[in-house]
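Here is the structure we will look at, set down as structure tokens.
The values are calculated or read from the model by the stated rules, or taken from the named source; none is laboratory data. Nothing here was measured: the structure is a model prediction, and the numbers come from that model. Counting neighbours? That spans all protein chains shown, and the Cβs are built from the backbone with ideal geometry, glycine included. The area values use the complete protein model at the heavy-atom level, side chains included, leaving out ligands, DNA and RNA. Shrake-Rupley method; radii C 1.70, N 1.55, O 1.52, S 1.80 Å.
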Amino acid sequence: MAKIEFDPGYVSEPFASLCARYPGRTVYPPKDFRLEWGPIFHRGRLDGTSRVLVIGQDPAAHEAAVRRILVGTAGHRVQGFLAKAGLDRSYTMLNAFLYSVYGRNAGSRYAKDEKVAAYRNQWLDALLLTSPIEAVVAFGGLAARAWKLYAKSGSAQVSRAKKLPFIHVPHPTYPDSAAGDDEAKERALTAEMLEKWNDGLRALRSALGHPDSLRALRPYGQRFTPRELPPIPAFDLPAGCPAWMQGEDGWAVRSGATAGEKRRTLVVAVPSSVRLPPPER
Ligand code: URA
């Protein structure tokens, strides 16, 4: 039997306590956040081996299924970015929001929310306290805002946080959401974003004293190549996740004829690339 690594979860302090008590509807109103899908806390190392803190925005459909953040389209893009920096394992990802944002502009309305920041700052404190973080990468404006609020707070690890190299790059799915159905615009925005990611990559590589691998810098071109969208490692996912959950996005979608139905329904389908025996007659 092959040994399959998995993420053991929230077994040690201070993370176990952070997961036992988390904010609900008084901090995250259900009209603006999908509380019905529960909080999704993180992805990556919580065992004191993390070198880079990645901050994302909010979880989406794939994340609701896997219970780890950044595992869908955005997650594959982030994974590829980290790999180019020589990071295959020693990272931790947190989102600005614990729950998926509902509605287009809700995220910005909570960008400076003190109650949202208070719990998030506890996670940032916990991570900085337990891990030798060497750099922070924020993907998107809301992520950058979250870090800046932390750096201005009275939190325990702030003096250390202020000394860390901070790299702010566009959110990985910004081109998709900004372009809508306009493919030419999406291509142009992706090329623009990848140029900024190349700058971020150089900054991250020079900030990192202890990458997992030393590899030559291969900057992005105009678009993502398949090699730049690596699988999500099994050791980042809870025990027992099927291998296809590590793979390319598209296996989880919200679905429904009405907004209410869509909010309630997540369709998870085994990708057609997975071979199954023919159905019994
Ligand atoms: N999924 C996440 O968990 N975070 C993002 O920022 C985007 C998708």
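How far is the Cα center of the range 193-215 from the Cα center of the range 234-281, in Å?
About 32 Å separates the Cα centre of the range 193-215 from the one of the range 234-281.
Karplus couplings for the range 59-64 from phi (6.51 cos²θ - 1.76 cosθ + 1.60, θ = phi - 60°), rounded to Hz, Gly and Pro as x?
Here the 3J(HN,Hα) series is x, 10, 5, 4, 5, 5 Hz.
If you put +1 on each Lys and Arg Cβ and -1 on each Asp and Glu Cβ, how big is the dipole of the chain around its Cα centre, in Debye rounded to 20?
In total the dipole reaches around 480 debye.
Under 19 Å from the 7 Å Cα→Cβ point of LYS162, by amide nitrogen: which residues of the range 115-131?
Residues 121-122, 124-126, 128-129 qualify, since their backbone N sits under 19 Å from the label point.
Find how much the distance from SER206 to ALA179 grows on full extension, using 0.36 nm per residue of separation minus their present alpha carbon separation; answer in nm with one decimal.
Gain on extension, SER206 to ALA179, equals 6.5 nm.
For the range 171-176, just list the computed ³J(HN,Hα) in residue order, Karplus coefficients 6.51, -1.76 and 1.60, θ = phi - 60°, integers in Hz, with x standing in for Gly and Pro.
5, x, 10, 4, x, 5
Percent of accessible area on the chain owned by carbon and sulfur, 1.4 Å probe?
Here carbon and sulfur together make up 53 percent of the probe-accessible area.
From the mean inverse distance of alpha carbon pairs (Kirkwood) and the Cα radius of gyration, derive Rg over Rh for the chain.
Answer for the chain: 0.95.
Keeping every protein chain present and rolling a 1.4 Å probe, give me the accessible area per residue for the range 158-281 in Å².
I get 65 Å² per residue for this part.
Counting heavy atoms of the protein chains only and a 1.4 Å probe, report the per residue accessible area for the range 67-133 as a whole number of Å².
About 32 Å² of surface per residue is accessible.
Using alpha carbon centroids, what distance separates the range 87-156 and the range 27-77, in Å?
11
Just give me a number: lysine pairs in the chain, eight or more positions apart or cross-chain, with C-alpha atoms less than 13 Å apart.
6
Name the GluC sites (Glu not before Pro) in the range 107-200 that are in a loop by DSSP and that have at most 13 other C-beta atoms within 10 Å, would you?
Loop-located and lightly packed - none at all.
So what is the 222 nm mean residue ellipticity for the chain from helices alone, if each DSSP H run of at least 4 adds -39500 (n - 2.57) and you divide by all residues, rounding to the nearest 500 deg cm²/dmol?
It lands at -10500 deg cm²/dmol.
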